[in-house]
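Scroll down for the structure; my scribbles are underneath it.
The values are calculated or read from the model by the stated rules, or taken from the named source; none is laboratory data. All values derive from a computational prediction rather than experimental measurement. Don't worry about glycine lacking a Cβ; one is built from the backbone with ideal geometry, like all the others, and counts go over all protein chains shown. For the accessible areas, the whole protein counts, side chains as well, though only heavy atoms, and no ligand, DNA or RNA atoms are used. Shrake-Rupley method; radii C 1.70, N 1.55, O 1.52, S 1.80 Å.
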Amino acid sequence: MGHEEELKPEQVDLKVYPFVGSLRRTWSDFCATSSIHGLRYTRDEDTNKIVHLVWLLISLVMFMCAVVMAHTFYLDYRSSPTRMNVESDHTPVTNLYFPPVTICPDVLFNMQKSKAFLNTLHLPQAAELPGILRKLHIFYGFMLDDERYSSQDIEEMETLLYLNNLTIQQFVEHLRWDCDEILYRCRFNGDILDCSKIFQLSKTFFGHCCSFNLRQKGLNFTAQRAIGSQKYGLSVIVRYKDDSYDPVQSYSYGVKLLIQEVDAFPSAHAAAKFVAFNTETFAALRPQETFCSAAVKALTIQDRNCVFQNEFPLRYFSDYVYPNCELNCRVTNMVKFCGCHTYFFDFNRTADRICTFRDIPCLVDNFANIITRKKSTQCYCPLTCEHFDYDVQISNFPLQLNMPVPDKFYSGLAKNDGVLHVFINSFSYRRLRRDLLSNMVTLVSNLGSAFSLFVGMSMLSVVEIIYYFSVILRKNYNMECEARNKMLRKEPKFALPKANDTHNEDKKSVFIIHKS
């Protein structure tokens, strides 16, 4: 590269430290030979200082632009490391479990059964059976905040439990609906079946309901596989087995339909639809699966921004899915503000107290805190990396009781019945793959393109910088020190006057210093 092996005295500036001088010389050498665009013009001997300054400013601006773009690439890499790709639109639905279907009566309790049970109990003093039946609506205080309940009604219901030595769970067991009191006939995969063989009593946010293919503690998971088309779907005739049912007094004329993931607790987070009586309802499902590639699974939770079921344990639920986490937060807030949780969240996983009627005022007053309307009571619930989503399309028609139909499933239809068909409307479904948006190779490539675009730098330029400001800088420093030492070691030369020079006896000695 043509570096001098020895410095001349006129090249040494004694006004600055040796390191500063060597640094200036190294910078000049680097600018003259560097592959980085623009730097050589900052030390060009054919131009003046103004041109040098302009090129220096241009180089600095370009370098700052490269740094900003590289920083942007890095932030994108850290904030969104994954992307969604369509793996297939033609995956057979036979690979899936049939989506869990939960049917909830819109009336909380079977009034005929409740009346018969209450007749066997000791009622509080001055209480009558019709009055107790009317006060059963107080159970909605465990779920909603629509109404404030009088302390007199609360104490009367609490006294009823005390007189008969009943817990709230035991009391509910005698009032709730059984599945055979809601479901009249069932058909699955084209076969008419006893509903009790495929539906089981489950706990939900809406009380006790009947669920098909739901995986919940205490239930026998049936693991029924899906087949496309209505013929191989699930069909149900809904009929309340309750002579005391009055749709006017109960403000209800149908049932709730909930469709959610296999491991999710049935709640308002599910796809919820209303199925009215005297109608035939068709619920067409379009499933969509999201799964992760092996590269995404290898990332940390912070990088992929989602979790798998075994990575985020919950206190009140055994399986992690996002709806369960939201409900877990709700139960946690119940215990925090009222010291108990409601009976339908009781899975014997904790020793927390079950709420009684006396806790209803606290639940109602703190409803906003419990359901996390306030930010201070919200919980961290990461998204699940792998999950199923169900798009539910509902269509319904008036039920024709006297229409001749060869299908035996429709035989025996009565007034106020409801017919429900739940089916997957295709033989295939979509699978989405969560994959890496970029990896380290892509990041390095993006960073290289940013610096190459603005300043013409490459990895070789980085090596060049390291070389110059280590090896060459050290060499220049040694040369600078050596040149300075030589200048200081040289002794002055002088001459004495001649001995026989008598006329100069009175003159002073004169030192004649010669420059070497």
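If R0 equals 25 Å, the separation of the Cβ atoms of ASN348 and ASN310 corresponds to a calculated FRET efficiency of about 0.75. Given R₀ = 41 Å, what would the calculated FRET efficiency be for HIS90 paired with LEU460, taking r from the Cβ atoms and rounding to 0.05? Result of the calculation: an efficiency of 0.25. Taking 0.36 nm per residue of separation and subtracting the current Cα-Cα distance, fully stretching the chain between ASP303 and VAL16 would add 98.2 nm. When only the Cβ of Lys, Arg, Asp and Glu is charged (+1, +1, -1, -1), the dipole of the chain relative to its Cα centre reaches about 1340 debye. Computed from phi, the 3J(HN,Hα) profile of region 274-281 under the Karplus parametrisation 6.51, -1.76, 1.60 (θ = phi - 60°) reads 9, 10, 8, 6, 6, 9, 10, 10 Hz, with x in place of Gly and Pro. Taking trypsin sites (Lys or Arg not before Pro) across region 137-201, the ones in a DSSP loop with at most 12 further Cβ atoms lying within 10 angstrom of their Cβ are ARG148. From most to least packed by mean Cβ count within 10 Å, the peptides 447-454, 318-325 give 318-325, 447-454. For Rg and Dmax of the Cα atoms in Å, the listed values are (i) 25.4, 90; (ii) 42.5, 159; (iii) 25.8, 75; which was obtained by calculation from the structure presented? Correct label, based on the coordinates given: (ii).
Over the chain, DSSP H runs of length four or greater, each weighted -39,500 (n - 2.57), average out per residue to a 222 nm ellipticity of -9500 deg cm²/dmol. Per residue, the chain exposes 57 Å² of accessible surface when a 1.4 Å probe is rolled over the protein heavy atoms with every protein chain present.
Each of PHE454, ILE168, CYS306 was placed along the dipole of the chain (beta-carbon charges, centred on the mean Cα), and the one lying farthest toward the positive end is PHE454.
Pick out, in residue order, every one of the GluC sites (Glu not before Pro) in region 1-73 that is DSSP loop and has at most 16 other C-beta atoms within 10 Å; say none if there are none. Intermediate results must be reported in sequence, preceding the final value.
Working: sites: GLU4, GLU5, GLU6, GLU10, GLU45; in loops: GLU4, GLU5, GLU6, GLU45.
Passing both the DSSP loop test and the Cβ count: GLU4, GLU5, GLU6, GLU45.
Considering only DSSP beta bridges where both residues belong to the chain, give the percentage that are antiparallel (nearest 5). Percentage antiparallel, nearest 5: 80.
Using Cα atoms only, what is the angle between the long axis of helix 49-79 and the major principal axis of the chain, expressed in degrees (0 to 90) to the nearest 10? So the inclination is approximately 20 degrees.
Measuring against 23 Å, Cα to Cα, the residue pairs LYS115/LYS135; LYS197/LYS231; LYS231/LYS273; LYS217/LYS375; LYS135/LYS374; LYS197/LYS408 contain LYS217/LYS375; LYS135/LYS374 as the ones spanning a longer distance.
Could you check how much of the accessible area of the chain is carbon and sulfur, as a whole percent, using a 1.4 Å probe? Before the final figure, lay out the partial values.
Working: 16060 of 29190 Å².
Answer for the chain: carbon and sulfur cover 55 percent of the accessible area.
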